[in-house]
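Following: one structure in structure tokens, then a few remarks.
The values are calculated or read from the model by the stated rules, or taken from the named source; none is laboratory data. The model shown is predicted, which means the values in this text are computed figures rather than measured ones. Here the Cβ is made from the backbone with ideal geometry for all residues, glycine too, and neighbour counts use every protein chain on show. With ligands, DNA and RNA removed, areas are computed over all heavy atoms of the protein, side chains included. Shrake-Rupley method; radii C 1.70, N 1.55, O 1.52, S 1.80 Å.
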Amino acid sequence: MADQLKIQLYKLLSAFSLAMDYNRHGLMRHHQRVALLALYLAEELQLSGEEYLPLFCSAIIHDAGSSTFREKANLEHFEVNNPWEHCERGFNLLDSVRILKPLAGIVRHHHDNWDGQNFSGLSGNLIPLASRIIYLADRVDILAQKPGNILDHRDEIVEKIQSKSGTMFDPGLVEAFSHIAQKECLWLDLTNQFIQSRLEQNLGNCPVTVNQDEITGISLIFSKIIDGKSPFTFRHSQLVAEVARFLAEKIGFDKEQQNNMYIAGLLHDLGKLSIPDEILEKPGRLNKVEYNVIKQHTYITYQILSNIDCFEEINSWASYHHEKLDGTGYPFHLTGKELTTGSRVMAVADIFSALIEDRPYRQGMSRNEIEKILVGQVKSRAIDGEIAGLLLDSYGEAEDLKEKIHGREEL
Ligand SMILES: [Fe+2]
Ligand SMILES: [Fe+2]
Ligand SMILES: [Fe+2]
């Protein structure tokens, strides 16, 4: 039963990568463009079929180590000042999950310069080929972010890349790039709105799929990327996931549903990656304008998860956590009739976790205060009374989950 959930690996990573592709300019699709350029280079270099998938999968999440808009802005400079931190963080994240382990080394070296002087200590051919390809593709995409017709900038971009041959970039790759850069389609692919379907054309029949366990591992990585947006949400996604799974078990969900609830909890705030850092880190109440920005996060979680086959239920459990039974929640204004038990569980798990955790403007709340708020929300028909009651009845166990998650040493 546990293997019912089966998804193509590249599709899962492509969908999740969209959440990482927001910066202060909006949805940039940087990872998609770098992945597509990497595939162009792979074709020109006549890489074998088996080399395509790890190249694509690492390209589509190569900046997993940078969560905040601040960090992303730093990577927009052609010559990045201290890129190693996000490379190392990305390495540690991917290295922690079996299915992504082979990609970790590629991500670690994706800013290594060909002539050495790298934090990693590597140079030349010792740098993994996939890392060298991603580095070049990544820097081309940074140079390509100019207003106007991309074809008008093409020569300038190629010249800039050629000027760094043998220093920043592998000379063989620069030569390959110079050749394919003559094709208008490469540049037009970078600017068109159909980039997603262009990627599918390249990898459509890729047979590598992931099962529920592997999806859980990948979702755990993304929960860490989400929570990395702000020290104040440190491990919030993991705690929501644990509490939601715990409540699902109490309610009598089977093992597979409990695990899906855990995945949904890890991903429930995926859309927070689209929110400016200063709003998430504001040490006080949000004003109306800021709150209107916050409201997009569950909408974006929903849109991203709806790109994944077989994720309908997980999506509804993850994305409706700010809906209320009386229809006054956001962003869909669903009502009790439309909110399933799983979605109701997530709403309770999210509120409980947020209240028990420290926030920039207050300490985690006491049991009495939390009970008061939950009972109040049941009375106002925001959340489900039975589920809130279950949580309050087994309060000690839920509290232990917080100690377990927040007391962990590792990343
Ligand atoms: Fe990077
Ligand atoms: Fe990048
Ligand atoms: Fe939320």
(request) Would you work out which of Gly90, Ile157, Ala59 lies farthest towards the positive end of the dipole of the stretch 7-206? Charges go on Cβ: Lys and Arg +1, Asp and Glu -1. (result) Gly90
(request) Leaving ligands, DNA and RNA out of it, report the carbon-plus-sulfur percent of the accessible area of the chain at a 1.4 Å probe. (result) 49 percent
(message) Give me log10 I(q)/I(0) at q = 0.08, 0.18, 0.19 Å⁻¹ for the stretch 211-406, Debye formula, one equal scatterer per alpha-carbon, no solvent.
(response) -0.23, -1.36, -1.55
(message) Treating the chain as a set of equal point scatterers at the Cα positions, no solvent, please give the Debye-formula log₁₀ I(q)/I(0) at q = 0.09, 0.15 Å⁻¹.
(response) -0.57, -1.35
(request) With a point put 7 Å past each Cα toward its Cβ, work out how far Gln162 is from Glu313 in nm, to one decimal. (result) 5.8 nm
(request) Give me the lysines in straight-line cross-link reach of Lys337: C-alpha distance below 21 Å, same-chain residues under 8 apart excluded. (result) Lys324, Lys379
(request) Compare the peptides 131-143, 327-339, 382-394 by average per-residue count of other Cβ atoms within 10 angstrom and give them in order, highest first. (result) 131-143, 382-394, 327-339
(message) Rounded to the nearest 10 Å², what accessible area does Thr167 have for a 1.4 Å probe in the complete protein model?
(response) 60 Å²
(request) Treat every Asp and Glu Cβ in the stretch 7-206 as -1 and every Lys and Arg Cβ as +1, leave all other atoms uncharged, and give the resulting dipole magnitude about the Cα centre to the nearest 20 debye. (result) 540 debye
(message) Considering all alpha-carbon pairs of the stretch 39-93, what whole percent are spaced by more than 12 angstrom?
(response) 70 percent
(request) Under a cut-off of 18 Å between alpha-carbon atoms, report the lysines in cross-link reach of Lys272, not counting same-chain residues fewer than 8 places apart. (result) Lys72, Lys224, Lys229, Lys282, Lys288, Lys295
(request) Could you name the aspartates and glutamates whose alpha carbon sits less than 14 Å from that of Lys255, not counting residues in the same chain fewer than 8 places away? (result) Asp3, Asp213, Glu242
(request) Over the stretch 7-206, consider all pairs of different Cα atoms and compute the Kirkwood hydrodynamic radius from their mean reciprocal separation; express it in Å, one decimal. (result) 16.7 Å
(message) Using protein chains only and a probe of 1.4 angstrom, how many square angstrom of His153 are accessible, to the nearest 10?
(response) 30 Å²
(request) Within the stretch 69-95, find all residues whose amide N lies under 13 Å from a label point positioned 7 Å from the Cα of Gln117 along Cα-to-beta-carbon. (result) 79-82
(request) Could you order Ser237, Ser197 so the one with the most accessible surface comes first? Probe is 1.4 Å. (result) Ser197, Ser237
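Between Ala73 and Val375, take the C-beta separation as r, use R0 = 51 Å, and let me know the FRET efficiency to the nearest 0.05.
Step by step, r from the Cβ atoms, then E = 0.70.
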(request) Taking only protein heavy atoms into account and a 1.4 Å probe, give the accessible area per residue of the stretch 120-264 in Å². (result) 41 Å²
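Ordering Arg70, Arg29 from largest to smallest accessible area (1.4 angstrom probe), what's the sequence?
Final ranking, largest accessible area leading: Arg70, Arg29.
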(request) Place a +1 charge on the Cβ of each Lys and Arg in the stretch 356-411 and a -1 charge on the Cβ of each Asp and Glu, then give the dipole magnitude about the Cα centre in debye, rounded to the nearest 20. (result) 360 debye
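So how do Tyr395, Tyr320 rank on accessible area, 1.4 Å probe, biggest first, that is with the largest at the start?
Descending accessible area places them as Tyr320, Tyr395.
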(request) Take the Cα coordinates of the stretch 349-407, assign each an equal point scatterer, and use the Debye formula without solvent to give log10 I(q)/I(0) at q = 0.14, 0.16, 0.17, 0.21 Å⁻¹. (result) -0.37, -0.48, -0.54, -0.81
(request) Report, to the nearest 10°, how far helix 49-60 tilts away from the longest principal axis of the Cα atoms in the chain, using its own Cα long axis and a range of 0 to 90°. (result) 60 degrees
(message) Just to be sure I understand: with springs between alpha-carbon atoms less than 10 Å apart, which residue in Ser316, Ser353, Ser366 has the highest mean-square fluctuation in the Gaussian network model of the chain?
(response) Ser366
(message) Suppose every Lys and Arg Cβ carries +1 and every Asp and Glu Cβ carries -1, with no other charges. What dipole size does the chain come out with about its Cα centre, to the nearest 20 debye?
(response) 940 debye
(request) Please express the Cα-Cα pair-distance distribution P(r) of the stretch 313-411 as a list of whole percents, one per 10 Å bin, running from 0 to the bin with the greatest distance. (result) 15, 45, 32, 8, 0
(message) If I take all pairs of Cα atoms in the stretch 137-222, what percentage of them are more than 22 Å from each other?
(response) 46 percent
